[in-house]
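**Student:** Take this structure, written in structure tokens, and hold onto it; I'll ask about it next.
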Amino acid sequence: LLLPRWRENLAILAANRAPGDQAVLAALGDALWSERGSVAAAHAAYVLAGAAPQPFHPSARVCLVGADHRRRPRTYATPEAIQRTELLEHALSMANPQFVLAPFQPYKLHYAGLLSDCGRVKEALGYVEAVVRALKSLDRGCAECNVVRLTSVAAELEHRLRGHSGGKGGMLATAASSIFGGFSKMFDKGVHSLFGDE
């Protein structure tokens with residue numbers, strides 16, 4: 001009933017909030033994903049329903065905004081999907097500056113590794129520092145991410161980035177080729193297991 005004109009129906013539901021509309025929005029998202037195969041549209045409905053990204057699991061509705069973790073469990077964590085989810089995280093933190101999107105922290109470390117592989121070490125270091133700050137505000141027993149393991153991976157990545165950037169704020173010099181392979185190996189062992197791949 002809502003699918004043929006889902007955009008208009010989604011806009012109407014979002015503009016005219018009422019009790020029980022979260023369930024309707026979530027059901028619309030489920031239908032968009034299962035019947036139309038439209039992950040991005042489904043995620044828009046889920047986000048408007050108040051569903052935040054969850055740790056990786058085939059039954060999760062959203063892991064990264066716009067990414068199909070069900071059909072592409074090994075390749076869904078693209079830079080674009082991480083950037084879209086970062087926009088959602090930023091929007092949610094505008095309402096509550098103490099807000100931490102715990103399941104998103106491993107992806108931010110993954111993104112930092114991708115940035116470092118492109119030679120953008122200073123930017124990568126900024127992401128790692130943000131993750132370290134976020135992890136300090138989380139309970140070590142957090143069910144949404146393995147805080148202890150993630151803290152260890154973040155510390156290792158921060159150490160490598162600082163070492164290869166010449167200290168606090170220097171640029172990456174001739175050591176680029178030596179760190180790129182190292183980051184890939186580190187992420188294969190550390191961060192991917194945080195996503196639930198191992």
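The values are calculated or read from the model by the stated rules, or taken from the named source; none is laboratory data. All of these numbers come straight from a predicted model, not from anything done at the bench. Please note: Cβ atoms are built from the backbone with ideal geometry, for glycine as well, and neighbour counts cover all protein chains shown. These area figures cover heavy atoms from the full protein model, side chains too; ligands, DNA and RNA do not enter into them. Shrake-Rupley method; radii C 1.70, N 1.55, O 1.52, S 1.80 Å.
**Student:** So for the pair Leu87, Lys122, with labels modelled 7 Å out along Cα→Cβ, what separation do we get in nm?
**Tutor:** 2.6
**Student:** Here is a further query. Mind checking the dipole of the stretch 15-139: about its Cα centre, +1 per Lys or Arg Cβ, -1 per Asp or Glu Cβ, Debye to the nearest 20?
**Tutor:** Taking the Cα centre of the stretch 15-139 as origin, the dipole is about 160 debye.
**Student:** Then there's this: For the stretch 1-106, what's the relative contact order in percent, using C-alpha pairs closer than 8 Å and at least 6 residues apart?
**Tutor:** This gives 18 percent for the stretch 1-106.
**Student:** In square angstrom, rounded to the nearest 10, how much accessible surface does His159 have for a 1.4 Å probe?
**Tutor:** The value for His159 is about 140 Å².
**Student:** Then there is this: For the stretch 27-163, calculate the relative contact order in percent as a whole number, restricting contacts to Cα pairs under 8 Å that are 6 or more residues apart.
**Tutor:** Dividing the mean separation by the residue count of the stretch 27-163 yields 16 percent.
**Student:** Each label point is 7 Å from the Cα along the Cα-to-Cβ direction; what then is the distance between the points at Arg162 and Arg149, in nm?
**Tutor:** Roughly 2.5 nm, to one decimal.
**Student:** Right, something else. Does the stretch 120-159 classify as rounded, prolate or oblate by the C-alpha gyration tensor (a ≥ b ≥ c root eigenvalues; a/c under 1.5 gives rounded; else a/b over b/c gives prolate, otherwise oblate)?
**Tutor:** Because a/c hits 1.5 or more and a/b exceeds b/c, the stretch 120-159 counts as prolate.
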